[in-house]
Ligand code: AMP
């Protein structure tokens, strides 16, 4: 299956200079979506992952069916102010300004082996922040699973020492 057939690329969205990789056509093709979830499940099925962490928002779409397939708890890393209970918090820089990601304190525990899931690895800033959340909790980052990687942005360089698994490279 050529997954790139199901990715729509849109220039200058959401702002000038960004080539946006739209995964909605992939989500709308049942076989392509199943192939993605099955490939992740095959890759992580035999590992010692204890927890699947989904990054808001498109990471939720991939992490939820994967957690179901490998029968592991699903936890949500959300944008600021969305979570109701006591949370860990990490602030990180964007091209302009900053962003905050949070996770409930009772959803990640010391000793957990966490797989972090998102749709796109661009600069790696979002994943680096999610890694900090996990490590603040005393848990271990077991792997990083992404649908695609934008190699020109060299996100992997921010993530040295972590296992990064991506299904497409642009
Ligand atoms: P970064 O923190 O730079 O690695 O950016 C990753 C986050 O931004 C992911 O959650 C993506 O959903 C989103 N993102 C960044 N660049 C793109 C892009 N070109 N197309 C689609 N989503 C993107």
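Return the total of residues in region 54-67 being within 13 Å of the ligand (Cβ to nearest atom) and surrounded by 15 or more Cβ atoms within 10 Å (Cβ to Cβ). Even if it seems obvious, please write down each step before you answer.
Taking region 54-67 as the starting set, the residues that turn out to be within 13 Å of the ligand (Cβ to nearest atom) are 54-63.
Filter once more, keeping what is surrounded by 15 or more Cβ atoms within 10 Å (Cβ to Cβ): 54-56, 58-63.
Qualifying residue count, region 54-67: 9.
Of the conditions (1) touching a residue at least 24 places away in the same chain (Cβ under 8 Å); (2) exposed (fewer than 14 other Cβ atoms within 10 Å of the Cβ), residue 117 clears all except one; give me its number.
(2)
Does region 9-50 hold any residues that are more than 10 Å from the ligand (Cβ to nearest atom), outside any helix (DSSP H, G or I) and touching a helix residue (DSSP H, G or I) at 6+ places or on another chain (Cβ under 9 Å), and which are they?
29, 45, 47, 49
Only one residue in 158, 104 is within 15 Å of the ligand (Cβ to nearest atom), under 29 Å from residue 33 (Cα atoms) and over 13 Å from the mean Cα position of the chain (by Cα). Which one?
Working: 104 fails: within 15 Å of the ligand (Cβ to nearest atom).
Criteria check complete, one pass: 158.
Evaluate region 68-88: report whether one residue or more is away from the ligand (no atom under 13 Å from the Cβ), over 30 Å from residue 136 (Cα atoms) and assigned to a helix (DSSP H, G or I).
no
Counting only residues that are in contact with a helix residue (DSSP H, G or I) (Cβ under 7 Å, 6 or more places away or on another chain) and within 13 Å of the ligand (Cβ to nearest atom), how many does region 113-124 have?
Summing the residues that are in contact with a helix residue (DSSP H, G or I) (Cβ under 7 Å, 6 or more places away or on another chain) and within 13 Å of the ligand (Cβ to nearest atom) in region 113-124 gives 8.
For a quick check of your reading of the model, give me the residue pairs whose first member lies in region 50-79 and is under 16 Å from residue 39 (Cα atoms), whose second is at pLDDT below 95, with beta-carbon atoms closer than 7 Å and at least 6 apart or on different chains.
What qualifies is 70/45.
Among (1) crowded, with 23+ Cβ neighbours inside 10 Å; (2) away from the ligand (no atom under 12 Å from the Cβ); (3) within 22 Å of residue 8 (Cα to Cα), where does residue 147 come up short?
(2)
Scan region 138-148 and give yes if some residue there is out of contact with any helix residue (DSSP H, G or I) (no Cβ under 7 Å at 6 or more places or on another chain), within 22 Å of residue 34 (Cβ to Cβ) and free of Cβ contacts under 8 Å to residues at least 40 places away in the same chain, otherwise no.
Yes, region 138-148 contains at least one residue that is out of contact with any helix residue (DSSP H, G or I) (no Cβ under 7 Å at 6 or more places or on another chain), within 22 Å of residue 34 (Cβ to Cβ) and free of Cβ contacts under 8 Å to residues at least 40 places away in the same chain.
The values are calculated or read from the model by the stated rules, or taken from the named source; none is laboratory data. The structure presented is a predicted model; accordingly, all values stated were derived computationally and were not measured. A quick note on method: Cβ atoms are made from the backbone with ideal geometry, for glycine too, and the neighbour counts reach across all protein chains shown.
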